[in-house]
Amino acid sequence: MNRPYTENWMMKRIRTARIVVLAVLFSLGLVTNANAERQPISAIYIPLADHYAGIVAYEKYRQQMTHADFTLKRMKSWGLLRAYFLSGKPDVAFVISPMAMEMFKKSPTFRWVSLMHRDGNALAINDIINDRVGVASRREQRKPDDSVAKALTYFRTQTGRPTEVAVPHLQSTHTVVLYNYLKAHGLSLALGRGRNEDVVAVPIAPPKSPIYLRKKSSRKKPAAFEQSLPWADVVETGHFGHVAWYSKDVLPWDKGHVECIAIAQDRTIDAKEEALREVIHYIHKAGDDIERARREGGEAMQRIAAMIRRHIPEHNEAAIIQSLRPDLNVINYHTLNNDPAGLKQIMDLAVEGGIISAPISINDFSDPRFGTSPQ
């Protein structure tokens with residue numbers, strides 16, 4: 001009859017003993033209250049090779065962080081990412097640089113705190129275009145020569161319409177790369193719609209770009225997309241498209257052109273500076289880890305691919321490894337401190353091509369305090 005009372009009494013004694021033990025350990029410095037002191041740093045991203053360093057930082061280092069409780073949230077499109085960040089809820093966004101500059105013009109409530117990578121996008125073409133291009137069998141030989149431009153000119157003449165090229169967003173570095181390539185070969189680019197230009201850029205969310213290419217091919221229409229890696233490699237490893245060239249050869253820049261950047265809310269910078277600094281530190285460290293793994297290959301690269309696929313399962317291992325081939329070096333995670341001159345290269349071309357409406361003050365936009373030592 002007294003058993004319930006005895007069990008309750010014993011449980012209370014056990015809980016009391018645990019509390020006493022923890023109190024003693026805490027007083028001796030053998031345990032800490034680190035979890036209670038960590039400040040939340042929430043980051044939002046798109047499923048791209050551009051953001052692999054953020055994923056690897058989360059997978060490898062979030063438990064080691066003492067100031068930051070780091071979380072990631074995947075977004076379906078650049079438009080949704082932009083709207084969600086401007087709502088003020090996330091602390092950090094990994095975002096394409098022209099879009100970030102256009103956002104800053106309208107709502108200067110955040111600052112640029114890091115690069116996420118350098119280089120990293122490519123033009124993929126379907127078989128209909130490739131029948132006229134004939135890409136080289138070895139990817140390192142695929143350069144932005146005039147072969148794609150000639151094919152686009154041919155289809156413009158034959159159909160009387162511009163060829164569609166999908167980009168992740170009209171205000172993207174990808175659109176800047178496409179514009180610069182076409183300009184170099186005397187061709188014109190329309191944004192969103194147009195009938196008199198040689199090419200029209202249409203926005204397609206990155207995960208949907210392979211489906212877009214398949215649909216166009218099934219209708220016997222020439223089509224291409226300029227997207228971040230590894231989507232171009234996804235269509236080539238899937239045998240329904242071809243990588244024509246890589247952005248690093250269209251926009252050459254010391255250490256690689258600026259692409260996706262990390263932006264942080266002003267409120268986060270003011271109230272969570274140490275936590276934010278820790279997250280950026282580990283993103284840069286994760287970038288070094290990716291670079292080391294791609295050099296070593298084998299199991300090291302497979303471990304990185306496995307981390308990525310936990311967040312982006314539609315990136316098959318073959319496409320991830322192909323995108324990170326060290327001999328191609330078409331995306332890199334070196335030197336991720338802010339690069340104002342590199343951003344100006346993107347900004348000037350974006351303004352010239354009508355991709356963003358006007359230049360910004362890069363000095364006002366950039367907060368260099370979160371840089372790490374040279375990598």
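The values are calculated or read from the model by the stated rules, or taken from the named source; none is laboratory data. A quick note: this is a predicted structure, and the numbers were derived from the prediction, not measured. Counting neighbours? That spans all protein chains shown, and the Cβs are built from the backbone with ideal geometry, glycine included.
Key figures for this structure:
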{"item": "Residue selected from region 300-347 under the condition of a type in the set (Asp, Glu) and modelled with pLDDT under 95, by the criterion surrounded by the fewest Cβ atoms within 10 Å (Cβ to Cβ)", "result": "Asp327"}
{"item": "Filter result (acidic (Asp, Glu) and in contact (Cβ under 8 Å) with a residue 12 or more places away in the chain) within region 255-272", "result": "Glu259, Asp266"}
{"item": "Some residue of region 137-147 being surrounded by 13 or more Cβ atoms within 10 Å (Cβ to Cβ) and part of a helix (DSSP H, G or I)", "result": "yes"}
{"item": "Residue match in region 115-131 (condition: out of contact with any strand residue (DSSP E or B) (no Cβ under 8 Å at 6 or more places or on another chain) and more than 30 Å from Pro40 (Cα to Cα))", "result": "yes"}
{"item": "Any hit, region 104-115, residues being in the same structural domain as Lys220 (by TED's automatic domain parsing) and of a type in the set (A, V, I, L, M)", "result": "no"}
{"item": "Arg325 vs. criteria basic (Lys, Arg) and part of a helix (DSSP H, G or I)", "result": "no"}
{"item": "Every residue from region 233-262 that is farther than 30 Å from Ile128 by Cβ and crowded, with 22+ Cβ neighbours inside 10 Å", "result": "Gly256, Val258, Cys260, Ile261, Ala262"}
{"item": "Of all residues making up region 348-367, the number that are surrounded by 14 or more Cβ atoms within 10 Å (Cβ to Cβ) and part of a helix (DSSP H, G or I)", "result": "5"}
{"item": "Residue that is nearest to Asp348 (Cα to Cα), among those in region 184-202 that are touching a residue at least 40 places away in the same chain (Cβ under 8 Å) and out of contact with any strand residue (DSSP E or B) (no Cβ under 6 Å at 6 or more places or on another chain)", "result": "Ala184"}
{"item": "Failed item, numbered, when Pro313 is tested on (1) free of Cβ contacts under 8 Å to residues at least 24 places away in the same chain; (2) in a helix (DSSP H, G or I)", "result": "(2)"}
{"item": "Cβ pairs under 7 Å, 6+ apart, first in region 317-344 and of a type in the set (Phe, Trp, Tyr), second crowded, with 20+ Cβ neighbours inside 10 Å", "result": "Tyr333/Ala53; Tyr333/His117; Tyr333/Gly287; Tyr333/Ile290"}
{"item": "Helices (runs of 4 or more DSSP H) contained in region 163-272 and holding at least 3 residues under 27 Å from Asn332 (Cβ atoms), of a type in the set (A, V, I, L, M) and assigned by TED's automatic domain parsing to the domain that holds Asn126", "result": "173-184, 231-237"}
{"item": "In region 259-276, the residues that are of a type outside the set (S, T, N, Q) and touching a strand residue (DSSP E or B) at 6+ places or on another chain (Cβ under 7 Å)", "result": "Glu259, Cys260, Ile261, Ala262, Ile263, Ala264, Asp266, Ile269, Lys272, Ala275, Leu276"}
{"item": "Residue within region 100-119 that is farther than 15 Å from Asp339 by Cβ, in contact with a Leu (Cβ under 8 Å, 6 or more places away or on another chain), buried (at least 24 other Cβ atoms within 10 Å of the Cβ) and modelled with pLDDT of 95 or more present", "result": "no"}
{"item": "Candidate set: region 209-232, residues that are surrounded by fewer than 19 Cβ atoms within 10 Å (Cβ to Cβ) and among the small types (Gly, Ala, Ser); chosen: the one farthest from Leu336 (Cα to Cα)", "result": "Ser218"}
